[in-house]
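> This is the structure I have questions about; it appears just below.
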Amino acid sequence: MLSVIIPSYNEEGNIPKTASVISKLLSKENIDYELIFINDGSTDKSWELIKALSMSDEHIIGIDFSRNFGKESAIFAGLRAAKGDCCVLMDCDLQFPPEVMIEMYNIWLNNDIDVVEGKKRSRGKEKALYKAFSKLFYKLIGSSSGLDMQSASDFKLLDRSVVDSLNEMPERLTFFRAMSSWVGYKTETIYFDVAEREIGKSKWSVWSLIKFAISNITSFTSAPLQLVTICGIVTFLISEILGIMTLVQKILGTSAEGFSTVIILQLLTSSIIMFSLGIIGYYIAKIYEEIKHRPRYIVRDIAMSNDNKRTKERENDEN
């Protein structure tokens, strides 16, 4: 069985179409499936639509968060709830082409492959600033973690063994794209073109993307902490050079009046110290978030058809 995990945030315009398109496609291919919609604290009618669909279709399950916990939490809630032999992550706006999902499934079914990773051949219509920012982000996290993150996306098919490995990982602050690469397993890459969003607008603002980048870089790699060490070394070398220059000028009697050199050096070292303390403080905040051991998300409600409820009750009785 194929589990399709679909995080949703204020997607009332896309949910019915997404459910219909994917259901028809998988039924046509005679693939047993389940669609898991995760309502990530939407403020529109997304949950009402998901609930109605799940009540009328035994293939659809809805999970409703108590508030907005973010896409990462929604992804891992879907992985936790999935019962399939493999799982695919899909965006609710259908910018990930559903037809490619069939290709992924066939590659997994007919080969000894655990992960089929979708990489973007083209990113569709995006602003130049957004493209440049994305390229810089993946270059930074790729170089610091040793993983190939160029053109990476959440569009992946994962074997049950990979899903189980991800579900066993205990950290609260997650980054699915990197974690699904970090676990290893046999991987094959498939390229796709990002489709245009037909309904609604992207929920990502420039500020939310910046926060997303900073959070994921610091949660997955300690490279920024090494930057503190590098800054310290550079400052030490500069101070040594300025110190030697000042000493030579003093001996030769050509030293300039005033304290301009000292002031410049103090400003330089002070700015680096404050910058370093900011990085260290951010990591301490991350540690603080982890050691509180709060759940990644809180599920307020689960919606499924009566047939699914009876099946779940039988499974609980057997366990």
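> Residues in segment 141-161 that are out of contact with any strand residue (DSSP E or B) (no Cβ under 6 Å at 6 or more places or on another chain), modelled with pLDDT of 80 or more and not polar (S, T, N, Q): how many? Let's see the steps before the verdict.
Step one: list which residues in segment 141-161 are out of contact with any strand residue (DSSP E or B) (no Cβ under 6 Å at 6 or more places or on another chain), which gives 141-150, 152, 160-161.
From the residues that got through so far, the ones that are modelled with pLDDT of 80 or more too are 160-161.
From what's left, not polar (S, T, N, Q): 160.
Looking only at that region, the number is 1.
> Consider Ala52 against the criteria (1) touching a Phe, Trp or Tyr at 6+ places or on another chain (Cβ under 6 Å); (2) small (Gly, Ala, Ser); (3) open to solvent by 50 Å² or more (accessible area, probe 1.4 Å): it satisfies all of them except one. Which criterion is unmet?
Ala52 satisfies every listed condition except (1).
> Right, something else. Would you mind telling me which numbered condition in (1) assigned to a loop (DSSP other than H, G, I, E, B); (2) modelled with pLDDT under 85 Lys120 fails?
Unmet for Lys120, out of (1) assigned to a loop (DSSP other than H, G, I, E, B); (2) modelled with pLDDT under 85: (1).
> Residues being touching a helix residue (DSSP H, G or I) at 6+ places or on another chain (Cβ under 7 Å) and among the polar types (S, T, N, Q): count how many of those fall in segment 21-60.
2
> State the number of residues belonging to segment 174-191 that are assigned to a helix (DSSP H, G or I) and open to solvent by less than 50 Å² (accessible area, probe 1.4 Å).
The initial filter retains those residues of segment 174-191 that are assigned to a helix (DSSP H, G or I), namely 176-182.
Restricting the remaining residues to those that are open to solvent by less than 50 Å² (accessible area, probe 1.4 Å) gives 176-181.
Of the residues in that region, 6 qualify.
> Need pairs with beta-carbon distance below 9 Å; first residue without any contact (Cβ under 8 Å) to a residue 40 or more places away in the chain and outside any loop (DSSP other than H, G, I, E, B) and within segment 158-173, second open to solvent by less than 50 Å² (accessible area, probe 1.4 Å) and β-branched (Val, Ile, Thr); sequence gap 6+ or separate chains.
Ser165/Val183
The values are calculated or read from the model by the stated rules, or taken from the named source; none is laboratory data. Just so it is clear, the structure is predicted and the values come from calculations on it, not from any experiment. Cβ atoms come from the backbone with ideal geometry, glycine included; neighbour counts cover every protein chain shown. Note: areas computed on protein heavy atoms with side chains; ligands, DNA, RNA excluded. Shrake-Rupley method; radii C 1.70, N 1.55, O 1.52, S 1.80 Å.
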